[in-house]
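**Q** Just dropping this structure here.
Values in this text are rule-based calculations from the coordinates and carry no lab data. As the structure is a prediction and not an experimental result, all values here were calculated from the model. Counting neighbours? That spans all protein chains shown, and the Cβs are built from the backbone with ideal geometry, glycine included.
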Amino acid sequence: MYIPHPHGAGLGFRRELIPELDAGVPEAIRFFELAPENWLRMGGRSAKQLRSFTERVPFVCHGLSLNLGGLKPIDTELVTAVGAFMREHGIGLYTEHLSWCGDDGMLYDLFPIPCTGEAVRHTAARIRQVQEMLGRRIAIENASYYVAPPGAELSEAGFIRAVLEEADCDLHLDVNNVYVNSRNHGFDALAFIRELPLERVVYMHMAGHYVEPDGLIIDTHGAEVIDPVWALFEQVCPLTGPQPTCLERDFNIPPLAELVDEVARIGNTLAQLAVPKREAAHA
């Protein structure tokens with residue numbers, strides 16, 4: 001079975017957008033992303049609607065609840081179901097967060113993993129287990145966090161590099177998450193990105209966020225992308241090459257046309273990487 005690899009700019013697939021998308025998928029949207037947990041048990045009309053899109057447009061699966069950094073055993077039933085879902089819909093890329101989200105129960109939030117050697121080995125082993133079950137490499141996303149876990153033995157970038165090397169998996173680079181963390185914890189976002197194993201980047205995210213009255217930035221995916229995040233993305237793309245990049249928008253969802261404008265801006269930035277420097281200078 002041929003599985004199309006996503007390229008260019010994509011958009012998170014939301015049920016709220018289906019009525020507008022049924023009229024036609026805008027040319028700027030080259031792929032969609034979905035959380036498989038939200039669709040695995042869907043049947044009837046919803047399943048048919050999804051199928052009508054996956055037959056025409058490439059999709060990416062972005063998981064929410066594998067709990068890769070947790071202590072509870074990996075949910076093998078979930079992994080098996082995700083694998084079947086990906087085969088059914090012809091989806092080739094699966095990504096998950098480098099975080100933990102519960103042990104005795106699901107906490108419905110993402111928490112940072114302590115940056116220790118023990119955590120590297122533990123998390124990498126769980127990623128390898130998932131990859132073996134799915135029969136494919138997966139990509140791991142750098143997460144946003146608001147309180148750093150104590151007892152760090154490695155820098156955050158060093159921890160990410162060590163996990164990816166130990167697991168031999170790919171990197172899903174979330175540009176907005178880096179920006180949010182850099183503002184909340186006081187470091188240089190681009191310098192941090194340069195410390196990551198950029199040769200492993202296969203996918204990227206762009207998103208908006210919310211600034212609390214006290215200045216804390218929350219990664220909400222509920223607003224448009226701001227200029228500093230666009231500027232960071234434009235600096236990052238030459239380092240990673242033109243990787244497929246998805247616009248996340250999970251709350252305060254505007255009309256599709258407004259989202260398409262942002263998706264098109266992502267696509268134009270990626271396309272510029274393929275333009276020879278002399279030609280770009282005269283464009």
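**Q** List the residues, sorted by chain then number, that are 5 or more residues from residue 246 or on another chain and whose placed amide H is less than 5 Å from its amide H.
**A** The answer is 10, 204, 205, 206.
**Q** While we're looking at this one, here's another question. Test of understanding: what is the full-extension gain from residue 77 to residue 116, defined as 0.36 nm times their sequence separation minus their Cα-Cα distance?
**A** Between residue 77 and residue 116, full extension yields an extra 11.2 nm.
**Q** A follow-up question, please. Ordered by residue, what ³J(HN,Hα) values in Hz, to whole numbers, does the stretch 229-246 give under the Karplus form 6.51 cos²θ - 1.76 cosθ + 1.60, where θ = phi - 60° and Gly and Pro are x?
**A** 6, 4, 4, 5, 4, 5, 7, 6, 4, x, 7, 9, x, x, 7, x, 10, 10
**Q** Which whole-Hz ³J(HN,Hα) couplings does the stretch 84-96 yield from phi under the Karplus relation 6.51 cos²θ - 1.76 cosθ + 1.60, θ = phi - 60°, glycine and proline marked x?
**A** 5, 4, 5, 5, 4, 9, x, 9, x, 10, 10, 10, 8
**Q** If packing is taken as the mean number of other Cβ atoms within 10 Å per residue, what is the order of 238-251, 139-152, 69-82, highest first?
**A** Details: 238-251: 19.3, 139-152: 17.1, 69-82: 15.3.
Listed from highest to lowest mean packing, they are 238-251, 139-152, 69-82.
**Q** Please sort by residue number the trypsin sites (Lys or Arg not before Pro) in the stretch 1-53 whose DSSP state is loop and whose Cβ has at most 10 other Cβ atoms within 10 Å. Before the final figure, lay out each step's value.
**A** On the way: sites: 14, 15, 30, 41, 45, 48, 51; in loops: 14, 30, 41.
Sites meeting the loop and neighbour criteria: 41.
**Q** Can you give me the distance in nm between label points at residue 5 and residue 268, each placed 7 Å from the Cα along the Cα-to-Cβ direction?
**A** Label at residue 5, label at residue 268, 2.7 nm between them.
**Q** Now for a different question. Using only the Cα atoms of the chain, build the gyration tensor, take square roots of its eigenvalues as a ≥ b ≥ c, and label the shape rounded, prolate or oblate: rounded if a/c is under 1.5, else prolate if a/b is larger than b/c, else oblate.
**A** Judged from the Cα gyration tensor, the chain comes out rounded (a/c under 1.5).
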